[in-house]
Amino acid sequence: MKYAIDLGHGVGRDRGASGIRDEEDLINETGALVIQKLKLLGHEVIEVRPKNCAGITNSLQQRCDAADDAKANIYVSLHFNAANGRANGTEVFAMSLPGRRLAQKIVNEISALGFINRGVKDGSHLYVVRSTSMPAVLVEGCFIDSMRDIALYEAEHMANAIVLGLCGKTPNIADKAA
Ligand SMILES: [Zn+2]
């Protein structure tokens, strides 16, 4: 399998949300582990976050183009949520039927870590979900401004849950039970 991994934000002025923790930090630490684990499982990984961009739309289009050019099989965009400090839980956006099936597996695995399961949501308004040619999911791991979620959050476990949702296995399943 060839996965396009989109580490959300992190370029130009687009630095993501801030809360108890910064979205960008959680994306980067979880994302690095997701990439490492997918490679350990023998998958090919294309990182699609651009180094430079001419604005948000250009940043998002470059990510989609990179995935399309590489003929990735699955597109995974990593994000963390922020709201009013009271919302919590995990949700995954998708549009196509295969995308939704994958999204359901991912959201179930993340909620198995103890996060509230907010379910699969319609991602047809999201640029990277609607503008990629392969099944795409956008993961909102948990809320960075929720005390509950930040207390539960652990990059290793979050990454394992995402990889488990994507592939049905992880290279180090023992971590998940810990
Ligand atoms: Zn985001």
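The values are calculated or read from the model by the stated rules, or taken from the named source; none is laboratory data. Quick caveat: nothing in here was measured; it's all calculated off a predicted structure. Just the protein is used for accessible areas: all its heavy atoms, side chains included, with ligands, DNA and RNA removed. Shrake-Rupley method; radii C 1.70, N 1.55, O 1.52, S 1.80 Å.
By the rule of a C-alpha distance below 13 Å, with chain neighbours fewer than 8 residues away ignored, the aspartates and glutamates paired with K105 are E91. Within the straight-line cut-off of under 19 Å between alpha carbons, the lysines reachable from K39 are K2, K71, K169, K176, sequence neighbours fewer than 8 places apart in one chain being disregarded.
The accessible surface of the chain, taken with every protein chain in place and a 1.4 Å probe, is 49 percent carbon and sulfur.
For segment 1-131, the solvent-accessible area works out to 47 Å² per residue, with a probe of 1.4 Å and every protein chain left in place. Bridging of K37 to aspartates and glutamates at a Cα separation below 16 Å is possible for D6, E29, E47, E109, E154, E156, D175, once same-chain residues fewer than 8 apart are set aside. Using only the alpha carbon atoms of segment 1-108, find the Kirkwood hydrodynamic radius as the inverse mean reciprocal pair distance, in angstroms to one decimal. Kirkwood hydrodynamic radius for segment 1-108: 14.8 Å.
From its DSSP helices (H runs of at least four residues, each -39,500 (n - 2.57)), the chain gives a residue-normalised ellipticity at 222 nm of -12500 deg cm²/dmol. Membrane-span-like helices in the chain (whole DSSP H runs, Cα extent of at least 27 Å along the helix axis, mean Kyte-Doolittle hydropathy of at least 1.0): none found. Taking amide H as placed 1.01 Å from N in the peptide plane, the amide H of E47 sits under 5 Å from that of I5, each at least 5 places away or on another chain.
Antiparallel beta bridges, as assigned by DSSP with both residues in the chain, represent about 25 percent of the total such bridges.
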